[in-house]
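Novice: Have a look at this one before I ask anything.
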Amino acid sequence: MANLQINPVKGEINTLIKFKAVASSTEGMEFKLPRTSDEYVVILAENTDSANAHTFTVKAPANGSYCAAGSDETVSLTAGETVMFRFESARFANNDGTVVCVADNAKVVVAVIY
């Protein structure tokens, strides 16, 4: 199954930003870094499940730069918890600028802001 494409949203002042839900727990998420100020891109992930913990993972790049992360970055989100991940593009982006994330459940929703 193809990864769900997420469009990074510019974090304008006085603007609400919606989270994107995955269709199923087996579907990954992918976004391409904007060419402007990619060092300020953040991923917000929220566990909307009111009873269970779930995990959210930013995958190590499959085709990254010389300083790419050697392992995934995974966090466990308790019920209702939200996490923010500000990352270095050189560590978590593939050479084509894509970043891949995976949630273990469709109750985890994501927003990418720059």
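Novice: Which percent of the accessible heavy-atom area of the chain goes to carbon and sulfur, probe 1.4 angstrom? Spell out each step's value before the answer.
Specialist: Details: 3230 of 6540 Å².
Answer for the chain is 49 percent, counting heavy atoms of protein chains only.
Novice: Tell me, what is the FRET efficiency for A90 and S24 to the nearest 0.05, using R0 = 30 angstrom and their Cβ-Cβ distance as r?
Specialist: On the way: r = 31 Å, r/R0 = 1.04.
Plugging the Cβ-Cβ distance into 1/(1 + (r/R0)^6) gives 0.45.
Novice: Considering only DSSP beta bridges where both residues belong to the stretch 1-83, give the percentage that are antiparallel (nearest 5).
Specialist: Details: 7 of 9 bridges.
If we restrict to bridges inside the stretch 1-83, about 80 percent are antiparallel.
Novice: Quick one: dipole size for the stretch 9-71, taken about the Cα centre, charges +1 on Lys/Arg Cβ and -1 on Asp/Glu Cβ, in debye to the nearest 20. It would help to have the intermediate numbers written out before the result.
Specialist: Values: 6 positive and 7 negative charges, 33 e Å.
Dipole of the stretch 9-71, to the nearest 20 debye: 160 debye.
Novice: I've got another one for you. From a point 7 Å beyond the Cα of T55 in the direction of its Cβ, which residues of the stretch 73-87 have a backbone N at a distance under 12 Å?
Specialist: 73-77, by backbone N distance to the label point.
Novice: Of A69, V99, S50, which is farthest along the charge dipole of the chain in the positive direction, counting Lys and Arg as +1 and Asp and Glu as -1 at C-beta?
Specialist: Positive-end residue among those listed: V99.
Novice: OK, next. Please report, in debye to the nearest 20, how large the charge dipole of the stretch 41-92 is about its Cα centre when each Lys and Arg carries +1 at its beta carbon and each Asp and Glu carries -1 there.
Specialist: I would put it at about 200 debye.
The values are calculated or read from the model by the stated rules, or taken from the named source; none is laboratory data. This structure is a prediction, so every number in the text was calculated from the model and none was measured. Note that we place each Cβ from the backbone using ideal geometry, even for glycine, and neighbour counts take in every protein chain shown. Only protein heavy atoms, including side chains, enter the accessible area calculation; ligands, DNA and RNA are left aside. Shrake-Rupley method; radii C 1.70, N 1.55, O 1.52, S 1.80 Å.
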